[in-house]
1. Here is a check on your reading of the model: is A:THR203 open to solvent by 20 Å² or more (accessible area, probe 1.4 Å), within 13 Å of another protein chain (Cβ to nearest Cβ), among the β-branched types (Val, Ile, Thr) and not in a helix (DSSP H, G or I)?
2. Is it the case that the range B:16-25 has a residue that's exposed (fewer than 14 other Cβ atoms within 10 Å of the Cβ) and within 25 Å of A:TRP89 (Cβ to Cβ)?
3. Please go through the range A:40-80 and give me each residue that is assigned to a loop (DSSP other than H, G, I, E, B), farther than 24 Å from B:ILE98 by Cα and open to solvent by 50 Å² or more (accessible area, probe 1.4 Å), ordered by number.
4. Give me a count of the residues in the range B:71-102 that are within 20 Å of B:GLY36 (Cα to Cα) and either more than 7 Å from every other protein chain (Cβ to nearest Cβ) or more than 21 Å from the chain's Cα centre (by Cα) (or both).
5. Suppose we filter B:PHE60, B:PHE73, B:PHE64, B:PHE35 for residues that are farther than 19 Å from A:THR61 by Cβ, out of contact with any His (no Cβ under 6 Å at 6 or more places or on another chain) and touching a residue at least 60 places away in the same chain (Cβ under 8 Å); which single one remains?
6. Output the residues belonging to the range A:136-166 that are open to solvent by less than 70 Å² (accessible area, probe 1.4 Å) and under 18 Å from the mean Cα position of the chain (by Cα).
7. I'm trying to understand the selection: among the residues of the range A:103-116, which are at the interface with chain B (Cβ under 7 Å from one of its Cβ atoms), in contact (Cβ under 8 Å) with a residue 40 or more places away in the chain and assigned to a strand (DSSP E or B)?
8. Collect the residues in the range B:127-173 that are without any contact (Cβ under 8 Å) to a residue 12 or more places away in the chain, in a loop (DSSP other than H, G, I, E, B) and out of contact with any Asp or Glu (no Cβ under 8 Å at 6 or more places or on another chain), keeping them in residue-number order.
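The values are calculated or read from the model by the stated rules, or taken from the named source; none is laboratory data. As the structure is a prediction and not an experimental result, all values here were calculated from the model. Positions of Cβ are backbone-derived with ideal geometry, glycine not excepted, and every protein chain shown enters the neighbour counts. These accessible areas exclude ligands, DNA and RNA; they are computed on the full protein's heavy atoms, side chains included. Shrake-Rupley method; radii C 1.70, N 1.55, O 1.52, S 1.80 Å.
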There are 2 protein chains.
Amino acid sequence: MTTHPLDIATSLSPLDDGRFRCCTSQAYANIAGPFGGVTAATLMRAVIEHPERTVDPVAFTVNFCAALKDGDFDIFVKLQRSGKYTQHWSLELEQNGIICATATMICGARGSVFSHQSGEPPQAPPPEECEVKETGGFLKWLERYEYRQVEGTIRFSSEPHPELNSPRNIHWVRDHPERPLDYVSLAAIADTFILRLLYVRGTMAPMGTVSMTTYFHATGEELAVQGSAPLLGVASAERFHGNFHDQPMTLWGKDGLLLASGSQLVWYKE
Amino acid sequence: MTTHPLDIATSLSPLDDGRFRCCTSQAYANIAGPFGGVTAATLMRAVIEHPERTVDPVAFTVNFCAALKDGDFDIFVKLQRSGKYTQHWSLELEQNGIICATATMICGARGSVFSHQSGEPPQAPPPEECEVKETGGFLKWLERYEYRQVEGTIRFSSEPHPELNSPRNIHWVRDHPERPLDYVSLAAIADTFILRLLYVRGTMAPMGTVSMTTYFHATGEELAVQGSAPLLGVASAERFHGNFHDQPMTLWGKDGLLLASGSQLVWYKE
């Protein structure tokens with residue numbers, strides 16, 4: 001059995017001083033440096049593998065402070081508070097003496113209490129009826145995901161669309177090659193939605209996520225049930241103004257269960 | 001001119017070691033300790049008043065780690081990274097040697113670039129046509145806000161509703177007494193939505209916000225235009241499961257401009 005590219009890309013070596021040493025992976029290369037989702041997944045793994053962790057991730061915020069370059073980097077994890085119901089973690093990612101990302105993670109004890117899903121997944125044909133999108137040759141990390149389009153597409157253009165497109169899209173998404181879903185892969189999949197500015201305008205511009213928050217609704221049991229089946233993802237945006245736009249998203253699993261939800265704040269230049 | 005209760009509640013005294021000393025305020029008392037929104041606003045003020053801050057808040061995550069008690073507490077602010085376009089801050093709030101909250105804040109340079117609001121505010125009568133809600137005698141902090149109900153209400157009950165209510169509500173909200181909107185008050189108003197579990201079930205239970213993320217779409221100029229006029233707020237929830245539920249929200253200002261959006265993750269016990 002070969003190791004999945006995501007497990008290679010997110011592997012950690014503990015150092016003597018409590019930090020973890022990591023290395024970027026060409027399998028998840030972005031325009032420059034690695035795909036932000038795999039950076040988030042590596043930070044997630046640093047908590048998941050921490051010996052003091054007793055409960056599962058529920059809320060995760062990653063802030064991208066500086067461009068991460070290809071090569072080694074270190075992660076520093078601090079357990080800020082461990083209570084009866086929650087554990088609070090703070091993380092820093094450092095490369096060549098520069099803080100490239102900060103993160104906070106809350107893990108929580110899950111019990112059999114009141115359960116109710118008020119939200120509904122969008123209407124979509126089953127994944128097997130949706131065509132797999134060709135993603136090769138553009139960005140390396142896109143090849144690590146299988147996308148099946150349901151609604152909304154980027155119409156690339158040399159000039160911004162005179163009539164702006166909708167920022168909303170819906171697709172089925174999973175790891176490629178297939179990999180059973182866990183908190184590490186879900187943390188990365190939460191970042192697989194292409195930035196909304198491209199949907200709306202259709203033109204390239206300097207842009208990047210500055211902050212990403214993901215809430216994990218899925219319990220460990222639900223992740224096991226989901227396995228490597230595609231997730232139904234929806235992303236949108238409410239406002240583009242003064243160099244920043246939001247990007248809320250939801251990820252739905254088998255039987256229409258909401259497995260994760262969250263949002264990004266994206267910077268853009270022009 | 002008297003000082004507004006929010007400015008008293010969020011006032012900071014710099015200590016010699018770079019920390020700020022603060023004190024909770026009875027004007028914003030919750031069931032026990034202070035209203036979380038005013039804690040968020042105090043953390044916001046610690047960045048706003050920091051001498052190294054050059055640009056305005058755009059993304060703010062507060063994690064509530066432990067119950068804050070009435071009395072003094074300290075805030076420690078660290079500028080993690082200051083670049084051409086963004087400043088990244090990490091914050092810790094400590095009381096009696098316990099970390100009670102952590103936070104990350106991103107401030108960003110705002111320019112006159114592509115601007116587009118894809119989202120639309122909900123339909124609502126103007127605030128002057130909506131009745132001001134009676135909030136006295138329940139929780140002290142509720143008296144510090146003027147709510148005008150538009151849609152959705154909590155129907156308190158001794159037993160959970162057999163048919164669950166919608167988690168969604170819409171209202172007009174502003175500081176009481178009136179206060180011109182700034183990033184400090186907006187950080188607090190983002191937390192003025194009552195927890196969705198109460199809307200859905202109608203029964204009290206141990207519950208509390210564990211993490212809150214707010215994106216500030218409003219520029220300084222837009223805040224000045226808004227002044228002390230009511231904001232149209234919408235909050236909802238997608239899933240209640242395994243002791244946690246989400247709570248996305250939007251806050252709309254004059255001319256239907258989106259001034260802030262965000263989400264909370266809420267813990268509940270039963």
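1. Details: open to solvent by 20 Å² or more (accessible area, probe 1.4 Å): no; within 13 Å of another protein chain (Cβ to nearest Cβ): yes; among the β-branched types (Val, Ile, Thr): yes; not in a helix (DSSP H, G or I): yes.
No, not satisfied.
2. In the first step, residues of the range B:16-25 are kept if they are exposed (fewer than 14 other Cβ atoms within 10 Å of the Cβ); the result is B:16-18, B:21.
From the residues that got through so far, the ones that are within 25 Å of A:TRP89 (Cβ to Cβ) too are B:17-18.
Yes - at least one qualifying residue is present in the range B:16-25.
3. Applying the first criterion (assigned to a loop (DSSP other than H, G, I, E, B)) to the range A:40-80 yields A:49-55, A:65-71.
Next cut, farther than 24 Å from B:ILE98 by Cα only: A:49, A:65-71.
Across the range A:40-80, the qualifying residues are A:GLU49, A:ALA67, A:LYS69, A:ASP70.
4. To start, the set of residues in the range B:71-102 that are within 20 Å of B:GLY36 (Cα to Cα) comprises B:71-77, B:89-102.
From what's left, either more than 7 Å from every other protein chain (Cβ to nearest Cβ) or more than 21 Å from the chain's Cα centre (by Cα) (or both): B:71-77, B:89, B:91-98, B:100-101.
Residues in the range B:71-102 being within 20 Å of B:GLY36 (Cα to Cα) and either more than 7 Å from every other protein chain (Cβ to nearest Cβ) or more than 21 Å from the chain's Cα centre (by Cα) (or both): 18 in total.
5. Numbers: B:PHE60 fails: farther than 19 Å from A:THR61 by Cβ; B:PHE73 fails: touching a residue at least 60 places away in the same chain (Cβ under 8 Å); B:PHE64 fails: farther than 19 Å from A:THR61 by Cβ.
None of the others qualify; the one that does is B:PHE35.
6. The answer is A:LEU139, A:TRP141, A:LEU142, A:GLU143, A:ARG144, A:TYR145, A:GLU146, A:TYR147, A:ARG148.
7. Scanning the range A:103-116 gives A:THR104, A:ILE106, A:GLY108.
8. Step one: filter the range B:127-173 for residues without any contact (Cβ under 8 Å) to a residue 12 or more places away in the chain, giving B:128-129, B:134, B:136-138, B:142, B:162-163.
Then drop every residue that is not in a loop (DSSP other than H, G, I, E, B), which leaves B:134, B:136-138, B:162-163.
Across the range B:127-173, the qualifying residues are B:GLU134, B:GLY137, B:PHE138, B:PRO162, B:GLU163.
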